[in-house]
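Student: One structure follows; several queries about it will come next.
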Amino acid sequence: MSGHVSITLASERVNHSVAANNEIPRFFTPGEVVCDLHDFMRGHGTYVEDDKIKSSVAGVMQRVNKLICVHPLKSRYVGEIGDVVVGRVLEVQQKRWRIETNSRLDSILMLSAVNLPGGELRRRSAEDEMAMRQILEEGDLISAEVQSIYSDGSLALHTRSLKYGKLWQGVMVKVFPSLIARRKNHFHILPCGISVILGNNGFIWMGPQAQNLVSREKDDNLVSASENEDNYDCYKGLQTVTRSNREAIARLKNCIAALVASKMMLDVTTLIFAYEESFKYEEVKELLDPEAMLDVAFLTQHRLNTIMDE
């Protein structure tokens with residue numbers, strides 16, 4: 001029995017850097033001097049010692065006027081109110097769910113912060129608390145919004161809008177939260193027919209378009225309770241995912257891996273460009289080759305530069 005084995009020497013490893021205009025940002029290590037205190041003010045990721053601003057984390061410097069910050073390359077998600085997140089249910093507790101959102105502490109989703117089955121608008125009762133696992137149980141994936149931040153730094157989530165809720169029949173990919181570009185909309189339907197949720201916490205969910213109901217695009221004020229009930233019933237029936245959709249999801253997942261390897265920001269534009277450029281390789285598994293990953297990222301960056309120049 002023979003198989004294909006690819007072995008790359010250290011001297012032949014691919015450099016995934018596709019920085020625009022070949023400008024690689026300066027990297028600072030903890031304790032390294034960034035600048036003099038007399039000329040600038042210290043920000044996040046820095047501290048003052050001997051009239052010098054030094055880096056307290058390993059990362060790149062960002063300067064805003066006279067404010068100096070050092071952003072770590074790898075860090076936990078720090079939530080802000082209004083962020084869209086994708087999370088996984090860890091535990092069902094009393095009147096609440098504990099959610100993993102890639103942050104320092106687990107997030108909390110209260111029973112009063114979710115839509116009841118059928119879209120009923122009423123106070124939560126003891127019967128609702130007993131039936132919490134019929135709404136969400138351990139291991140379920142959800143999309144939610146950060147409603148508030150507790151004093152200890154943990155996040156309070158809600159899924160009252162029809163845009164949010166339980167996610168079915170899809171794939172979740174984990175990336176660095178710093179690579180998710182903040183945009184007005186994080187729910188997208190790509191031309192290939194795949195629904196994508198770019199969570200600010202670094203969790204990206206991909207699934208067939210059928211799972212992203214048309215009503216999610218509507219304004220919450222224009223959706224009636226009867227529509228909400230119909231939408232909930234649609235989620236109960238799982239549909240068969242076609243082979244073409246599975247291949248599209250796998251190709252998109254490999255494209256995201258290529259962009260992450262080159263430290264490129266992720267938004268709907270970069271995903272569409274990378275997906276289109278990936279068809280240079282017929283087999284989806286070919287995109288896992290380091291040279292192919294760099295090629296897709298380079299072509300994507302080239303298209304972005306072309307748009308910016310125009």
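Student: Once the Cβ-Cβ distance between residue 183 and residue 44 is put in as r, and R0 is 30 Å, what FRET efficiency do you end up with, to the nearest 0.05?
Tutor: 0.85
Student: Quick one: Debye curve from the alpha-carbon atoms of the range 66-147 only, equal weights, vacuum; give me log10 I(q)/I(0) at q = 0.10, 0.20, 0.26 Å⁻¹ to two decimals.
Tutor: So the normalised log intensities are -0.31, -0.94, -1.36.
Student: Tabulate in residue order the Karplus-calculated ³J(HN,Hα) for the range 249-260, using 6.51 cos²θ - 1.76 cosθ + 1.60 with θ = phi - 60°, rounded to whole Hz; enter x for Gly and Pro.
Tutor: 5, 5, 5, 5, 4, 5, 5, 5, 4, 5, 5, 5
Student: Would you kindly state how much longer the chain becomes between residue 131 and residue 243 on full extension, computed as 0.36 nm times their sequence separation minus their alpha carbon distance, in nm to one decimal?
Tutor: Working it through step by step, the gained length comes to 36.8 nm.
Student: I've got another one for you. Counting other Cβ atoms within 10 Å, which trypsin sites (Lys or Arg not before Pro) in the range 109-142 have at most 16 and lie in a DSSP loop?
Tutor: Hits after loop and neighbour filter: 122, 123, 124.
Student: Please calculate how many Å² of accessible area the range 21-71 carries per residue, with a 1.4 Å probe and no DNA, RNA or ligand atoms counted.
Tutor: Result: 69 Å² per residue.
Student: Per residue, how many Å² of accessible area does the range 77-167 show with a 1.4 Å probe?
Tutor: Accessible surface, normalised per residue, equals 49 Å².
Student: By how many nm would the segment from residue 90 to residue 269 lengthen if fully extended, with 0.36 nm per residue of separation less the alpha-carbon distance?
Tutor: 61.2 nm
Student: Something else: Counting Lys and Arg as +1 and Asp and Glu as -1, each charge on the Cβ, what is the dipole of the range 21-71 about the Cα centre in debye, to the nearest 20?
Tutor: For this selection, approximately 180 debye.
Student: If one computes P(r) from the Cα atoms of the range 21-71, what percent of pairs lie at distances over 17 Å?
Tutor: On the way: 343 of 1275 pairs.
Pairs farther apart than 17 Å: 27 percent.
The values are calculated or read from the model by the stated rules, or taken from the named source; none is laboratory data. Please read these numbers as outputs of a predicted model, since none were measured by experiment. Please note: Cβ atoms are built from the backbone with ideal geometry, for glycine as well, and neighbour counts cover all protein chains shown. These area figures cover heavy atoms from the full protein model, side chains too; ligands, DNA and RNA do not enter into them. Shrake-Rupley method; radii C 1.70, N 1.55, O 1.52, S 1.80 Å.
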